[in-house]
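The values are calculated or read from the model by the stated rules, or taken from the named source; none is laboratory data. Everything numeric here is computed off the predicted structure, so don't read it as measured data. We place every Cβ from the backbone using ideal geometry, glycine too, and count neighbours over all the protein chains shown. All accessible areas refer to the heavy atoms of the entire protein, side chains included, with ligands and DNA or RNA removed. Shrake-Rupley method; radii C 1.70, N 1.55, O 1.52, S 1.80 Å.
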Amino acid sequence: MRLVAEDIRVRYPRTTHDVLDGASFVIKRGHSAAILGPSGSGKSTLLSVLGGLVRPDGGTVRVDLGTEGAEGATVALRDVTAWVLQTMNVLPERSALDNVVVAALTQHGDRHRAREEAERRLESVGLADRAHDAARVLSGGELQRVVIARALASGRPFVLADEPTGQLDHSTSAIVLEALLRSSGDAGVVIVTHDSEVAARCEVTFRIEDGRVLPA
Ligand code: ADP
């Protein structure tokens, strides 16, 4: 399964230039890619296009199901993508586990299975021992790992991470990034960042320049 964006053009209302202008990008399930670029270059916009939140003014974005889909089947971008943002709505009074169960329930309607999935995901990001702590008592790095566990627990095949370590110090950033890349399993991970060290941990790195995606 692949997420494929071809020749994307985006211009926001009341602006005079295209933020994306002929941008093409592919991410395959099970792989990781970083998109680098200075602030304002269009990184978040590209991620929003991939996640189906911004409809491009030109070009196409589609899910290529490959061998994983029945012939002729189509799926919505929003149904195959999960988000990791810098500031995510974690329910502060609920436990880390409850926060992840909510996402797991979207995949497994069954509460018992959803709970098992959430426990497994929290363990995979190294937070098994904090599962029953309220989210409000967790550190920034721990909270971000809850957000990652939550994205992965949704079972969606692509994770879109917008500056996932942007508000963290250097060593915490490394832990969070490791949790994201190691525990993502067969999901495809796209990380948008201005930090070349973060990008270097991904399998491939691109940069956005003049509205296009180029090899970094
Ligand atoms: P990056 O993620 O690289 O910082 P963005 O994709 O957030 O870049 O933004 C690219 C450009 O588009 C910026 O100049 C930003 O101000 C502009 N922009 C982003 N979102 C909107 C919007 N909803 N309306 C108008 N302009 C926007």
(message) Within 14 Å, Cβ to Cβ, of Arg9, how many net charges do the neighbouring residues add up to if Lys/Arg are +1 and Asp/Glu are -1?
(response) -3
(message) Using +1 at the C-beta of Lys and Arg and -1 at the C-beta of Asp and Glu, which of Gly59, Leu152, Thr165 has the Cα lying farthest in the positive direction of the dipole of the chain?
(response) Gly59
(message) Contact order normalised by length for the chain, with contacts defined as Cα pairs under 8 Å and 6 or more residues apart; what percent is it?
(response) 31 percent
(message) Ranking request for peptides 185-198, 124-137: highest mean number of other beta-carbon atoms within 10 Å first, then the rest in descending order.
(response) 185-198, 124-137
(request) Can you pull the one-decimal nm distance between simple spin-label points at Ala73 and Gln167, each 7 Å off the Cα toward Cβ? (result) 3.8 nm
(message) Quick check: the angle from helix 170-183's long axis to the longest principal axis of the chain, C-alpha only, nearest 10 degrees?
(response) 90 degrees
(message) Ignoring ligands, DNA and RNA, please state the percent of accessible area on the chain from carbon and sulfur, probe 1.4 Å.
(response) 47 percent
(request) Under 14 Å from the Cβ of Gly51, count the other residues' Cβ atoms, weight Lys and Arg +1, Asp and Glu -1, and hand me the total. (result) +3
(message) Residues of the stretch 35-55 with backbone nitrogen within less than 11 Å of a virtual label 7 Å along the Cα-to-Cβ line of Arg62, please, listed as ranges.
(response) none
(message) Mean-square fluctuation check for the chain, GNM, Cα pairs under 10 Å: which of Ala200, Ala151, Ala23 is largest?
(response) Ala200
(request) Mind putting a number on the dipole of the chain about its Cα centre? Charges go on the C-beta only, +1 for Lys and Arg and -1 for Asp and Glu, and I need it in Debye to the nearest 20. (result) 320 debye
